[in-house]
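Reviewing the structure listed below.
Here, each number is a calculation from the coordinates, and none is a lab measurement. Here the structure is a predicted model, which is why all the values come from computation and not from measurement. So basically every Cβ, Gly included, is an ideal-geometry build from the backbone, and we count neighbours across all protein chains shown.
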Ligand code: PMT
């Protein structure tokens, strides 16, 4: 299979030196890319700014902003059989990007934000027979919020990720997730390495493809 994976955060700039971002390290998405590669798939990894080494044998597209990630995913989606969106894409960006570094003395009292287009939602008409998997990073009402995203984003599965835990979610090497398929029973996985979560996810995609 050709598998397109996104990983890491995006950065939405306020001025040339400051940005809005989040805590994503890219570990979960890179683990998915590695697992897919190890299981014999062709992988394109669209990566936000992270300090991880991409494994040899896959194509890496490096992006910074959500708009760049959207362009890279849109360029790759037609050629993929499965898309796994593990990236933590910004939901908002500054309405205005200042050309020069803002002076401390003239800092705006408030920051106007505008919504970032949702990458997955924008791909609905191009899904065809492709398998789309999203992740849902939640701090409350984990399963309900994840299910709402599964439906609104027209996904085959969402991986519900409780990011209020300190031993799972952002930055750490382990994760505790629930696989929620569009059809079938949800499956809560115990705390395990992101590599193990990734291997199970790739196996789920393979089984779904059959
Ligand atoms: O990178 P790590 O440190 O290893 O941490 C892993 C992780 C917590 C980042 C990862 O496992 C995770 O949960 N990723 C999804 C984070 C997220 O953005 O969740 P969300 O609930 O805001 O978005 C839901 C889905 O929509 C995601 O698949 C996201 O990629 C996608 N999305 C979000 C916003 C947007 N503008 N476009 C999108 O397509």
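Only one of 143, 150, 155 is away from the ligand (no atom under 12 Å from the Cβ), under 18 Å from residue 180 (Cβ atoms) and touching a residue at least 12 places away in the same chain (Cβ under 8 Å). Can you tell me which?
Criteria check complete, one pass: 143.
I need every pair where a residue in region 12-32 that is closer than 18 Å to residue 114 by Cα has its Cβ under 8 Å from the Cβ of a residue that is assigned to a helix (DSSP H, G or I) and within 9 Å of the ligand (Cβ to nearest atom), sequence separation at least 6 or different chains.
Pairs that qualify, where the first residue is closer than 18 Å to residue 114 by Cα and the partner is assigned to a helix (DSSP H, G or I) and within 9 Å of the ligand (Cβ to nearest atom), are 12/66.
Of all residues in region 196-210, which are in a helix (DSSP H, G or I) and loosely packed, with under 14 Cβ neighbours inside 10 Å?
203, 207, 209
Hey, any hits in region 49-59 for a residue that's free of Cβ contacts under 8 Å to residues at least 60 places away in the same chain and crowded, with 22+ Cβ neighbours inside 10 Å?
no
How many residues are surrounded by 15 or more Cβ atoms within 10 Å (Cβ to Cβ), within 14 Å of the chain's Cα centre (by Cα) and either on the phi > 0 side of the Ramachandran plot or in a loop (DSSP other than H, G, I, E, B) (or both) if we restrict to region 147-195?
5
Among the residues of region 75-92, is any assigned to a helix (DSSP H, G or I), within 12 Å of the ligand (Cβ to nearest atom) and within 27 Å of residue 197 (Cα to Cα)?
Checked against the condition, which is being assigned to a helix (DSSP H, G or I), within 12 Å of the ligand (Cβ to nearest atom) and within 27 Å of residue 197 (Cα to Cα), region 75-92 yields at least one hit.
Which residues, counting only those in region 27-63, are in a helix (DSSP H, G or I), within 13 Å of the ligand (Cβ to nearest atom) and in contact with a strand residue (DSSP E or B) (Cβ under 6 Å, 6 or more places away or on another chain)?
The answer is 29, 30, 32, 33.
If you take the residues of region 17-26 that are more than 12 Å from the ligand (Cβ to nearest atom) and surrounded by fewer than 19 Cβ atoms within 10 Å (Cβ to Cβ), which of them is nearest to the chain's Cα centre (by Cα)?
20
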